[in-house]
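All of the numbers you see were taken from the coordinates with simple rules; none came from a lab. A quick note: this is a predicted structure, and the numbers were derived from the prediction, not measured. Here the Cβ positions follow ideal geometry from the backbone for every residue, glycine too, while neighbour counts run over all protein chains shown.
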Amino acid sequence: MKNRKMTFGIILGTRSYFNSALAKDVRATLTKVLTDNNYDYVILDEKDTPTGSGSMETREDGVKCAELFKKNRERIDGIIITLPNFGFEIGIINAIQLANLNVPILVQACDDDNDKVDLDNRRDAFCGKLSVCNNLYQYGIPFTDTTLHTYSINSPLLLEDINRFAGICRVVNKLRNARIGAIGARPAGFQTVRASEKILQRAGITVVPVDLSEILGMANAITDEDTALLNRIKEIHGYAKVPEGYEKKLMKQAKFGLAVEQWIEANDIDAVAIQCWDSLQANYGCASCVTMSMLGDKLIPSACEVDIAGAISMYALTLASGNASALVDWNNNFAEERNKCVCTHCGNFPKSFVKNNLELGNLGVLSRTMGTENTFGAVKGKVTAGPFTYFRISTDDPKGIIKSYLGEGNITDDPYGMDGCIAVTEVPNLQKLMKYMCKNGFEHHVAMCRGNVQDIVLEAVETYLGWEVYSVES
């Protein structure tokens with residue numbers, strides 16, 4: 001993800017019947033919270049409106065705000081409407097409609113102090129927020145609500161809502177313009193990971209394909225003395241334990257990783273799906289796992305088996321959480337505990353997702369048929385315990401839609417005697433989820449990230465992206 005300070009357009013609503021000093025206080029507090037937490041903002045100057053605080057009331061105020069927002073179109077990631085008092089819907093709705101930024105919108109309103117409801121101090125924002133939201137609904141403009149209907153501008157809930165809103169903005173804005181790399185052809189034996197590029201393109205997601213032979217050609221062109229290659233080998237040694245006797249294979253692995261990253265950079269790729277089964281092993285002589293694992297830790301999600309929809313699912317979680325995501329199989333039942341299951345993959349989990357020591361080895365399943373010589377590069381590690389969020393999108397061609405499911409669970413400390421990357425998980429309503437997946441044609445892959453970001457992804461997908469989503473209750 002490219003680093004840039006997130007910027008919000010601020011609409012400070014007011015109404016002439018109320019004390020404009022209330023708006024000045026809210027302006028000062030909100031902008032300080034944003035600045036102190038590394039957010040930027042765009043707001044009318046205090047002298048731009050008759051109230052003297054840059055707060056808006058009339059259509060003329062709205063036009064001024066819209067012009068300011070349009071000048072900063074490339075900077076503004078979302079709009080925060082804040083109501084120090086009842087506000088006036090006319091200025092607010094005109095600013096949003098005329099600016100036409102098509103970004104997420106947060107509507108926040110301030111509490112009254114019930115011992116200060118005289119004409120100089122009353123706010124009535126509790127009521128005014130309903131009018132603003134009613135107008136947004138009438139105009140067909142989606143928006144996000146705050147945790148509580150109203151609260152003090154000095155409440156810690158303000159920063160919590162802003163941080164959550166920032167996550168929503170990242171998911172929505174980045175997915176609407178995502179570029180997903182597809183390195184190699186989908187393996188013939190994995191029809192389950194088919195995806196419709198045309199349906200994805202309608203959602204603003206571009207799939208950028210490249211033949212695996214082009215990447216291998218780039219890798220083979222890297223000389224053994226190349227400085228970047230030698231640095232990459234050192235990087236891999238610091239990333240995971242490399243068993244003795246594999247230095248030659250490690251060099252091939254490092255060349256492949258460099259070639260993939262060069263192509264990603266040249267094509268402005270946000271997430272990537274790689275043909276890792278089994279052409280790479282047969283025609284180049286190594287696995288792609290450690291490359292994919294390290295990409296994930298650089299917040300470039302990387303999916304197996306050219307699972308394009310899986311890569312998009314990972315990217316959404318990375319955007320929501322700011323952390324690395326992993327692509328796993330819903331793989332094994334766990335004894336008689338039907339809300340537990342083993343989630344695993346051959347070995348491509350990012351180190352920051354595993355939060356444990358990693359060791360490189362051979363692909364367990366493929367090595368049985370292709371030999372250990374051609375399958376080196378798998379990452380092996382047991383994922384440490386903690387909360388996680390899971391998410392999966394799928395393109396449903398008969399319906400012409402993007403559909404998804406979403407939920408949260410916990411990774412446990414339970415041991416499990418299987419090779420590869422292992423995460424023993426506890427997922428509320430797991431059996432109900434499995435029935436839903438089976439009946440609705442979902443894939444066996446699912447994306448996961450650490451932390452609880454279900455509410456962020458749900459709001460982004462349901463309110464702004466308009467994708468069908470099944471949200472699992474905890």
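Some values worked out for this structure:
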item	result
Packing-based ranking, highest mean first, of 215-224, 348-357, 80-89, 17-26 given that Cβ atoms within 10 Å are counted	80-89, 348-357, 17-26, 215-224
Estimated dipole of segment 422-474 in Debye, rounded to 20 [Cβ of Lys and Arg +1, of Asp and Glu -1, Cα centre]	240
FRET efficiency for residue 223 and residue 75, using Cβ-Cβ distance with R0 set to 35 Å, rounded to 0.05	0.20
For segment 82-219: relative contact order, % (alpha-carbon pairs under 8 angstrom, 6 or more apart)	22
Rounded to the nearest 20 debye, dipole of the chain from Cβ charges on Lys, Arg, Asp, Glu	640
Residue list for segment 262-299, given a label point 7 angstrom along the Cα-to-Cβ vector of residue 188 and an amide N cut-off under 20 Å	274-285
Set of segment 274-296 residues, backbone N closer than 20 Å to the point 7 Å along the Cα-Cβ line of residue 262	274-275, 280-281, 283-296
FRET efficiency estimate (nearest 0.05) - Cβ-Cβ, residue 141 to residue 416, R0 41 angstrom	0.25
Whole-Å distance, taken between Cα centres, linking segment 82-158 and segment 449-465	23
Packing rank of 197-209, 177-189, where each peptide gets the mean count of other beta carbons within 10 Å, highest leading	177-189, 197-209
Anchor residue 129: lysines whose Cα lies under 28 Å away (excluding residues fewer than 8 positions away in-chain)	24, 32, 47, 64, 70, 71, 116
Cα-based convex hull, the chain, per residue volume (Å³, whole number)	157
Förster radius 45 Å - calculated FRET efficiency between residue 120 and residue 452 (Cβ-Cβ, nearest 0.05)	0.60
Packing-based ranking, highest mean first, of 458-466, 309-317, 107-115 given that Cβ atoms within 10 Å are counted	309-317, 458-466, 107-115
Spin-label model distance (nm) - residue 201 vs residue 431, 7 Å beyond Cα toward Cβ	4.5
Contact order normalised by residue count of the chain, Cα under 8 Å, 6+ apart, percent	12
31 Å Cα-Cα threshold exceeded, pairs from 198/248; 255/399; 249/355; 255/380; 5/340	198/248; 255/399; 5/340
Relative contact order [Cα under 8 Å, 6+ residues apart], segment 7-175, whole percent	25
Label-reachable residues, segment 72-98, where backbone N falls under 18 Å from a point 7 Å from residue 59's Cα toward its Cβ	88-98
Ratio of Rg to Rh over segment 1-150 (Cα coordinates, Kirkwood Rh, two decimals)	0.95
